Amino acid sequence: MSRSLFLAMLPLTFVATPAVGQDVQGWEQLNVIVPLAPSVRVTLEQIARVSDRQGGPYTTKLGALLGLQVAPGVELGFGYRHVGFHSENLAANENRFRQQVVIARGRFAGRLRLDERFNPLGSEIGFRVRPLLRYNLPTRRERVVLFVSHESFILPNSTAWGQRAGYERMRNIVGVTFPIGPLVMADLGYLNQYRIARGGARGQMDNAVTIQLTINLGALSVAALND
């Protein structure tokens with residue numbers, strides 16, 4: 001098996017096989033990166049997700065992330081998001097803060113993110129740890145890159161409003177990054193998300209087409225990572 005084929009199949013090794021609930025989804029994200037200083041930038045973010053099982057648009061997110069490049073290939077990030085739930089997703093809207101470090105070395109990029117979830121149904125803060133690893137494979141076409149990525153969601157604590165501690169889910173993506181003009185990059189991919197069966201509920205597998213557009217208005221180039 002060739003190296004490129006092995007890497008393209010790698011996310012499938014993380015997919016669990018027992019009977020689970022299935023859903024077909026579409027995920028969209030728009031990022032606008034605005035430079036504030038040579039090593040400082042802000043990213044404005046808009047996210048929308050639609051679901052067959054949820055009956056249409058079920059999640060929206062609006063937020064911003066301040067990025068500080070502290071060394072070549074190393075960026076610290078601090079951000080906020082308002083998360084809204086819609087259609088048959090009856091969860092309460094949340095406010096979330098996050099801190100992260102992104103490291104890019106050669107064809108590999110990694111991100112370690114800490115989320116804090118604030119839910120109106122309780123005063124407790126729900127923490128999430130999200131490690132992500134991505135491999136980028138350049139092609140013969142300029143600025144066109146194939147990629148695979150894996151992300152885990154680990155919840156350190158439980159809350160009265162519904163978060164349960166433990167390993168919650170994994171996300172795996174196979175896709176391609178390509179330019180749309182000089183300032184815009186697109187990520188198009190297939191996403192497989194598996195939520196672990198916990199608390200008496202069966203596991204849930206989501207199959208999604210993802211599209212992410214990033215408009216860079218002149219900031220320093222950093223690793224491209226899906227959310």
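Here are a few things to note about the model shown:
- Flag for GLY110 being within 13 Å of the chain's Cα centre (by Cα) and surrounded by fewer than 18 Cβ atoms within 10 Å (Cβ to Cβ): yes
- Among (1) over 20 Å from ALA208 (Cβ atoms); (2) in contact (Cβ under 8 Å) with a residue 60 or more places away in the chain; (3) of a type in the set (Val, Ile, Thr), the one test that VAL70 misses: (2)
- Selection of the stretch 206-227 for residues being of a type in the set (A, V, I, L, M) and not in a strand (DSSP E or B) yields LEU217, ALA219, LEU220, VAL222, ALA223, ALA224, LEU225.
- Test: residue in the stretch 62-70 that is farther than 22 Å from SER221 by Cα, in contact with a Pro (Cβ under 8 Å, 6 or more places away or on another chain) and at pLDDT 95 or above: no
- Only one entry in TYR194, TYR190 is within 25 Å of ASP23 (Cβ to Cβ), free of Cβ contacts under 8 Å to residues at least 24 places away in the same chain and not in a loop (DSSP other than H, G, I, E, B), namely TYR190.
- Residue within the stretch 156-169 that is in a loop (DSSP other than H, G, I, E, B), under 26 Å from ASP52 (Cα atoms) and among the small types (Gly, Ala, Ser) present: yes
- So ALA197, is it farther than 16 Å from GLN29 by Cα, surrounded by fewer than 16 Cβ atoms within 10 Å (Cβ to Cβ) and of a type in the set (Gly, Ala, Ser): yes
- Residues of the stretch 60-99 that are loosely packed, with under 15 Cβ neighbours inside 10 Å, among the small types (Gly, Ala, Ser) and not in a loop (DSSP other than H, G, I, E, B): ALA64, ALA71.
- Between VAL50, VAL102, the distinction of being in contact (Cβ under 8 Å) with a residue 60 or more places away in the chain and in contact with a Gly (Cβ under 8 Å, 6 or more places away or on another chain) belongs to VAL102 only.
- Residue match in the stretch 152-173 (condition: touching a Pro at 6+ places or on another chain (Cβ under 6 Å) and under 17 Å from ASN136 (Cα atoms)): yes
- Number of the exception - VAL102 against (1) part of a strand (DSSP E or B); (2) hydrophobic (A, V, I, L, M, F, W, C); (3) surrounded by fewer than 19 Cβ atoms within 10 Å (Cβ to Cβ): (3)
Rundown of residues vs (1) over 29 Å from ASN93 (Cα atoms); (2) at pLDDT 90 or above; (3) in a helix (DSSP H, G or I), yes/no style:
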{"site": "SER4", "(1), (2), (3)": "yes, no, yes"}
{"site": "ALA8", "(1), (2), (3)": "yes, no, yes"}
{"site": "PRO11", "(1), (2), (3)": "yes, no, yes"}
{"site": "THR17", "(1), (2), (3)": "yes, no, no"}
{"site": "VAL42", "(1), (2), (3)": "no, yes, no"}
{"site": "ILE47", "(1), (2), (3)": "no, yes, no"}
{"site": "ARG53", "(1), (2), (3)": "no, yes, no"}
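- Candidate set: the stretch 113-145, residues that are in contact with a Pro (Cβ under 6 Å, 6 or more places away or on another chain) and hydrophobic (A, V, I, L, M, F, W, C); chosen: the one surrounded by the most Cβ atoms within 10 Å (Cβ to Cβ): VAL145
- Scanning the stretch 206-214 finds no residues that are farther than 23 Å from ARG49 by Cα and touching a residue at least 24 places away in the same chain (Cβ under 8 Å).
The values are calculated or read from the model by the stated rules, or taken from the named source; none is laboratory data. These numbers come from a predicted model, not from an experiment. All Cβ positions, glycine included, derive from the backbone under ideal geometry; neighbour counts span all protein chains shown.
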